[in-house]
Amino acid sequence: MKIFIEFWKARDNWHQLSKQERIDYLGQIGPVIEDLVSKGVVFEAWGVNEDKTPQKADYDFYAVSKLPSQELLESFQTVVEASGWYEYFDQVNISGDNIAVESVIAKMIEL
């Protein structure tokens, strides 16, 4: 099981679009999400990064997803890039296997 965490904020290109252009662009997301869900992707959370967040990251939105395989994760990333998403949003990603806390701590100790 792969975990994929995305953080993003709007670029100037997004702000330059009209409200209707934004609606039209984001309207394309629904069918993509449905397709991914049919392939086993679980969208655990989408949200807005709150101003009161301690040590707040400089991103406005986040999403946390579970994907059943590395291949599906790569396919998902390809679809996002092909959609022109990165022209409109500055985004950083984190991904990896869902592992036990003890395994993460062991890796930290090994650094």
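The values are calculated or read from the model by the stated rules, or taken from the named source; none is laboratory data. Everything numeric in this text was worked out from a predicted model, so none of it was measured. In this analysis, Cβ positions are derived from the backbone assuming ideal geometry, glycine residues included, and neighbour counts consider all displayed protein chains.
Only one of the listed residues (64, 41) is of a type in the set (A, V, I, L, M), surrounded by 14 or more Cβ atoms within 10 Å (Cβ to Cβ) and in contact with a Pro (Cβ under 8 Å, 6 or more places away or on another chain). That residue is 41. Of the set (1) loosely packed, with under 12 Cβ neighbours inside 10 Å; (2) in contact (Cβ under 8 Å) with a residue 24 or more places away in the chain; (3) touching an Asp or Glu at 6+ places or on another chain (Cβ under 9 Å), all apply to residue 56 but (2). One residue stands out among those in the range 17-59 that are under 20 Å from residue 81 (Cα atoms) and small (Gly, Ala, Ser): the one that is modelled with the lowest pLDDT, which is 30. Scanning the range 36-45 turns up one or more residues that are without any contact (Cβ under 8 Å) to a residue 60 or more places away in the chain and within 13 Å of residue 7 (Cα to Cα).
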